[in-house]
1. Answer yes or no: is there a residue in region 55-72 that is hydroxyl-bearing (Ser, Thr, Tyr), at pLDDT below 95 and more than 19 Å from Leu126 (Cβ to Cβ).
2. Among the numbered criteria (1) modelled with pLDDT of 95 or more; (2) surrounded by 21 or more Cβ atoms within 10 Å (Cβ to Cβ), which single criterion is violated by Ala95?
3. Could you please tell me which pairs satisfy a Cβ distance under 7 Å, a separation of 6+ or placement on different chains, a first residue in region 59-71 that is touching a residue at least 60 places away in the same chain (Cβ under 8 Å), and a second residue that is of a type in the set (Asp, Glu)?
4. Is there a residue being within 11 Å of the ligand (Cβ to nearest atom), part of a helix (DSSP H, G or I) and under 14 Å from the mean Cα position of the chain (by Cα) anywhere in region 53-65?
5. Might you check whether a residue that is among the acidic types (Asp, Glu) and either closer than 19 Å to His129 by Cα or touching a residue at least 24 places away in the same chain (Cβ under 8 Å) (or both) occurs anywhere in region 34-46?
6. Hey, can you tell me all the residues within region 80-125 that are touching a helix residue (DSSP H, G or I) at 6+ places or on another chain (Cβ under 8 Å), away from the ligand (no atom under 11 Å from the Cβ) and in a loop (DSSP other than H, G, I, E, B)?
7. Residues of region 66-79 being more than 13 Å from the ligand (Cβ to nearest atom), of a type in the set (Phe, Trp, Tyr) and either within 25 Å of Asn97 (Cα to Cα) or part of a helix (DSSP H, G or I) (or both), which ones?
8. Filtering region 15-35 down to residues that are at pLDDT below 95, aliphatic (A, V, I, L, M) and closer than 13 Å to Val77 by Cβ, which residue is nearest to the ligand (Cβ to nearest atom)?
Amino acid sequence: MKELYLPINFKKRLTNLTAAPKEVNGALIYLPLDGVDVVVASRILGGGTSDALTSADPRMLSLANKFFEQNHTYGFVEFHTHTEETVRRHGIHYAFNLSDGDIETITRNYAGSKTYRHFLVTPNVLKLHKMEGNNVVPISYMTPKTVDKDQGLEKRIKNKFDKLHAEMGIPIFDLRMN
Ligand SMILES: [Zn+2]
């Protein structure tokens, strides 16, 4: 697994989502470049409940799958948020950690995976995880300050998603990040 580069602008965008009233989940889309995976776009795929990890909209997942079928160069890292509200209601533990339910869901779906990665996004931290056998463990990543100034790539990805939304008759999630 290559190191992940999460440019600062995406880090800010994700952190901003934790001020929303409800938790969301989604995908960070990366492009393998010069030996590292660089995040170049992000999409929200579901949420609006108190347990964002398990609430990805099945229609959005099939749409995302179609995108990756059609665009082999890209990969994705999952994420879900714990909002300010989550932390206020359930305690500071959730500002820094996955919930037991999160760990259970991830383990059930991805135990043994050598490629799965997941970002927990809270008002306090952006914590990346991978599977190590049956365990969900934190791993490091880089947050470069300088990013490709060309916004063309993200625009192109957005257009492809918009096209799929139209073709498949699936509305775009309200809190989409672009
Ligand atoms: Zn969670």
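The values are calculated or read from the model by the stated rules, or taken from the named source; none is laboratory data. On a predicted model such as this, the values are computed, not experimentally measured, just so you know. Methodologically, a virtual Cβ is constructed for each residue, glycine included, from the backbone with ideal geometry; neighbour enumeration extends over all protein chains shown.
1. So the first thing to find is which residues in region 55-72 are hydroxyl-bearing (Ser, Thr, Tyr), and the list is 55, 62.
Retained after the next criterion (residues that are at pLDDT below 95): 55, 62.
Filter once more, so that each one left must be more than 19 Å from Leu126 (Cβ to Cβ): 55, 62.
Yes - at least one qualifying residue is present in region 55-72.
2. Against the list (1) modelled with pLDDT of 95 or more; (2) surrounded by 21 or more Cβ atoms within 10 Å (Cβ to Cβ), Ala95 comes up short only on (2).
3. Correct list of pairs: empty, since none qualify.
4. Going residue by residue through region 53-65, those that are within 11 Å of the ligand (Cβ to nearest atom) are 53-55.
Those left that are additionally part of a helix (DSSP H, G or I): 53-54.
With the extra rule that they be under 14 Å from the mean Cα position of the chain (by Cα), the set shrinks to 53-54.
Within region 53-65 (the criterion being within 11 Å of the ligand (Cβ to nearest atom), part of a helix (DSSP H, G or I) and under 14 Å from the mean Cα position of the chain (by Cα)), the answer is yes, since at least one residue qualifies.
5. To start, the set of residues in region 34-46 that are among the acidic types (Asp, Glu) comprises 34, 37.
Cutting the leftovers down to either closer than 19 Å to His129 by Cα or touching a residue at least 24 places away in the same chain (Cβ under 8 Å) (or both) gives us 37.
The answer is yes; a qualifying residue exists.
6. Tyr116, Pro123, Asn124, Val125
7. Taking region 66-79 as the starting set, the residues that turn out to be more than 13 Å from the ligand (Cβ to nearest atom) are 66-77.
From what is left, the residues that are of a type in the set (Phe, Trp, Tyr) are 67-68, 74, 76.
Residues satisfying the conditions are Phe67, Phe68, Phe76.
8. Ala27
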